[in-house]
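The values are calculated or read from the model by the stated rules, or taken from the named source; none is laboratory data. Please read these numbers as outputs of a predicted model, since none were measured by experiment. Reconstructed Cβ throughout: ideal geometry from the backbone, glycine too, with neighbour counts over all protein chains shown. The area values use the complete protein model at the heavy-atom level, side chains included, leaving out ligands, DNA and RNA. Shrake-Rupley method; radii C 1.70, N 1.55, O 1.52, S 1.80 Å.
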Amino acid sequence: MTHDHDLVLRPTPAQTEAALNPPPGRNGGDLVVETLTGLGATTVFGLPGQHALGMFDALRRSDLRYVGLRVENNAGFAADAYGRVTGEAAPLLLSTGPGALTSLAALQEAAAASAPVLAISSQVPTAGLGGGRHGYLHELPDQAASFRGVVKSVHTVRTQSQIPSAIAAAWKSALSAPHGPVWVEIPQDVLLAGTSLPVVTAMDATPDELAPRPELTAVAAESLSRAERPAVIAGGGVVRADASGKLLALAERLNAPVVTTFGGKGAFPWEHPLSLQSWLEDRHTTDFLEDADVLLVVGSGLGELSSNYHTFKPRGRVIQIEADLGKLESNHPALGIHADARLALQALLETVEERTDAGAPDRVREVLRKVRERIAAQELTLEQDVLAAVRSALPADSPSFWDMTILAYWAWSAFDAQGPNTMHSAQGAGGLGYGFPAALGAAAADPTRPVLAVSGDGGALYSIAELATARQYDLNVTWLIIDDGGYGILREYMNDAFGQATATELTRPDYVALAESFGVPAVRTTPETLETDLAKALSAPGPSVVVLPAALRMFAPTHLGTD
C-alpha cells in the first residue's frame with residue numbers, strides 16, 4: 001500500500017543537472033531572490049542598506065521587478081497596498097537597525113488591515129546575534145523583539161541552508177487567514193557569502209485554510225433562519241477573503257440589512273435595497289443594529305470605529321465570524337466562529353433557510369433618511385460637494401488610497417467604493433503618510449488603471465520624497481492634496497475639547513511648484529473645478545498632483561451623547 005506521505009516528487013533530468021552544476025557567482029542573496037521567484041513573487045519593494053547589499057546585488061541576476069522607495073516606511077505602505085490589491089504576499093527588502101525600524105509603522109498598518117507583507121531584513125553578522133554588544137553598525141540587542149508585537153510571525157536565519165525554508169514558512173504565514181505581515185531576518189555574512197547550494201526552484205508554501213466548525217455554522221444558520229430582525233455587519237475580512245459575492249447571496253436569502261465597516265468598504269453594493277451603507281458613526285445606524293434580534297458580524301472585531309466608539313450595545317444574539325482568534329468575542333459575547341469569511345459564508349449559504357421580509361428595504365430607507373437629515377442640518381455642503389466630485393472623477397474600477405485626513409473620514413461613511421477591494425485607508429493603525437506610497441504600490445501591481453491617493457497637507461509632508469519614486473517608475477497615480485494649512489482634524493478636535501488648538505498649524509511648501517520640480521505635472525484647483533481637474537489628471541498617463549486649498553469640517557459625532 002502506498003501512503004500520501006510516501007510520495008516524493010523526483011527531479012527531472014534538467015533539474016538534476018541544474019542542481020549538480022549551479023551557476024557560479026551566486027551568494028546568499030541569490031537564495032533569497034530564487035526562493036521568492038519559486039514562491040511566485042514578481043515584484044519586490046524596499047530600500048538598500050549596507051548589510052542588505054547581498055540581496056540587492058542578487059536582484060540583478062533575477063527576473064524580479066524592484067520598486068525602490070525613498071523611505072522604508074513608505075516602502076512598507078507600498079508593499080501593503082500591493083498585498084491588498086493582489087492578495088499576494090508582497091516582499092519588502094530592508095536593511096538592519098534604522099532601516100528595519102523605520103518600517104514598523106507600515107507593518108502595524110498591514111497587521112491591522114490584514115495585508116500580506118513579507119518583510120525580509122538583513123542583520124548584523126552572525127557573530128553579533130544573541131545580544132552581545134560587539135559594536136557592529138546598526139546593531140540592536142534583539143532586532144526581532146522590535147517586530148514580535150507587530151507582525152504575525154518572526155523568522156531568524158543563521159545559515160544559507162535555512163533561507164528557502166524560512167522564507168517559505170513566512171510566506172505561508174502571511175497568506176494564511178488572517179493575512180498579515182511577517183518578518184524574516186538574515187545576517188549580513190550569510191547574504192554575502194558565496195554559495196554552492198543548488199538553485200532554488202518551486203517552493204510549496206500553500207496557506208492553510210481556516211474552515212468553520214460545522215456544529216457552529218449549523219447553530220448560526222438556525223438562528224438566522226428563525227430571526228425576526230436579522231442584520232449584518234461586514235468588515236474587512238469579507239474583502240480580504242474575496243467573499244463579497246457570498247455575502248450578497250446570504251443577505252438576499254435572509255432579507256437582512258447590511259452595513260459595511262470602514263475596512264469593509266465595497267463588500268456590499270452601496271445602492272442595494274438592503275444596504276445601510278457605511279454610516280457606523282451615526283446613532284441612527286447604531287440604534288438599528290442594537291435592535292437586531294440576530295446580528296451576524298463577518299470579518300470584524302467590532303473595534304472602536306466599527307462600534308461607534310464602543311457605544312454600540314447589542315441586545316440580540318451576536319454571531320461573529322472572525323479569522324483573527326484574538327478578536328473573537330473580544331468586545332461582545334457572541335457565538336464565535338473562528339473561520340475565514342469566505343468558507344464560513346459558504347457554509348451558511350448551504351444551510352440557512354430562505355427568509356421573507358418585505359419590510360426590510362423600507363426600514364433601511366428610513367435609517368438612511370434620518371442619517372441624511374442629520375447631516376443636512378449641519379450645513380456641510382462644501383464637504384459633500386468635494387466628496388461627490390472625487391467620486392464622479394474617479395473611474396469605477398480604479399482603486400483609491402486615503403490618508404488620515406478629514407476628507408477620508410467623510411469617505412469612510414459617505415463614499416461609494418463601487419466595488420470590493422477598491423477603497424483603502426490607514427484606518428487600521430491610523431498613522432499618517434499612507435495614501436500616496438500605498439497608491440504607488442497599487443499602481444505597480446496594476447498599471448492598466450489610474451490610482452487615486454488622497455492626503456491632507458500634513459500627511460502629504462510624510463510622503464513628498466516619493467514624488468521621485470512616482471517619476472522614476474512612471475507610476476500611474478494622481479495625488480489629491482487637501483491643503484488647509486495644518487493637521488485639520490487635530491485642530492478640530494482640540495478646538496472642540498480645549499477651546500483652542502496647539503501644535504496643529506504648519507508652514508508648508510507650494511505643492512504645485514514642488515511637484516513640478518520632480519517633473520510631476522500639478523495643478524491648483526477649486527471646489528468648483530475639482531471634478532474636471534481631477535478627471536483630467538486621472539486620464540493622463542504617469543504621476544500627477546492636484547492641490548485643493550480648502551478647510552473642510554467634520555460632521556458632528558454621535559458617540560459623545562450631544563447629538
Just name one of Q500, P447, V367: the one whose Cα is farthest towards the positive end of the charge dipole of the chain (beta-carbon charges, Lys/Arg +1, Asp/Glu -1). P447
Which shape class applies to the stretch 26-66: rounded if a/c is under 1.5, otherwise prolate when a/b exceeds b/c and oblate if not, where a ≥ b ≥ c are the square roots of the Cα gyration tensor eigenvalues? oblate
With a Cα-only, solvent-free Debye model of the stretch 401-465, what are the log10 I(q)/I(0) values at q = 0.18, 0.24, 0.26 Å⁻¹? -0.62, -1.06, -1.19
Calculate the tail of P(r) for the stretch 412-556: the fraction of all Cα-Cα distances greater than 27 Å, expressed in %. 21 percent
Positive-end extreme of charge dipole, the chain - chosen from A221, L280, Q108 (charges on Cβ): Q108
Expected sort for 505-517, 535-547 on mean C-beta neighbours within 10 Å, highest first, is 535-547, 505-517
37 °C / 0.692 mPa s Stokes-Einstein diffusion coefficient of the stretch 207-315, Kirkwood radius on C-alpha pairs, µm²/s: 232 µm²/s
Rounded to the nearest 20 Debye, what is the dipole magnitude of the stretch 427-525 about its Cα centre when Lys and Arg each give +1 and Asp and Glu each give -1 at the C-beta? 160 debye
Lys, Arg +1 and Asp, Glu -1 on Cβ, resulting dipole of the chain about Cα centre, debye, nearest 20: 520 debye
Round to the nearest 10 and give me the degree value, 0 to 90, for the angle of helix 435-445's Cα axis relative to the longest principal axis of the chain. 60 degrees
In whole percents, the bins of 5 Å from zero upward hold the Cα-Cα pairs of the stretch 478-563 as 3, 13, 19, 18, 14, 12, 10, 7, 3, 1
Lysines within cross-link reach of K246: Cα-Cα under 18 Å, excluding same-chain residues under 8 positions apart? K265
Where the accessible area of the chain is counted over protein heavy atoms with a 1.4 Å probe, how much of it, in %, is carbon and sulfur? 53 percent
Once the stretch 307-415 is represented by equal point scatterers at the alpha-carbon sites, with solvent omitted, what log10 I(q)/I(0) does the Debye formula produce at q = 0.13, 0.20 Å⁻¹? -0.89, -1.20
Given Cβ point charges of +1 (Lys, Arg) and -1 (Asp, Glu) and nothing else, what value in debye, to the nearest 20, does the dipole of the stretch 106-248 about its Cα centre take? 160 debye
Residues of the chain: accessible area per residue at 1.4 Å, in Å²? 40 Å²
Here Rg/Rh (Cα, Kirkwood) for the chain equals 1.00
Nearest 10 degrees, 0 to 90: what angle lies between the long axis of helix 244-254 and the longest principal axis of the chain (Cα atoms)? 30 degrees
Cα gyration tensor shape for the stretch 166-262, rounded if a/c is under 1.5, else prolate or oblate: prolate
Using a 10 Å cut-off on Cβ atoms, rank the peptides 65-72, 77-84 from the highest mean neighbour count down. 77-84, 65-72
Ordered by packing density, taken as the mean number of other Cβ atoms within 10 Å over each peptide's residues, highest first, how do 109-120, 423-434 rank? 109-120, 423-434
Mind jotting down a quarter of the surface of the convex hull over the alpha carbons of the stretch 65-165, in square nanometres, one decimal? 6.8 nm²
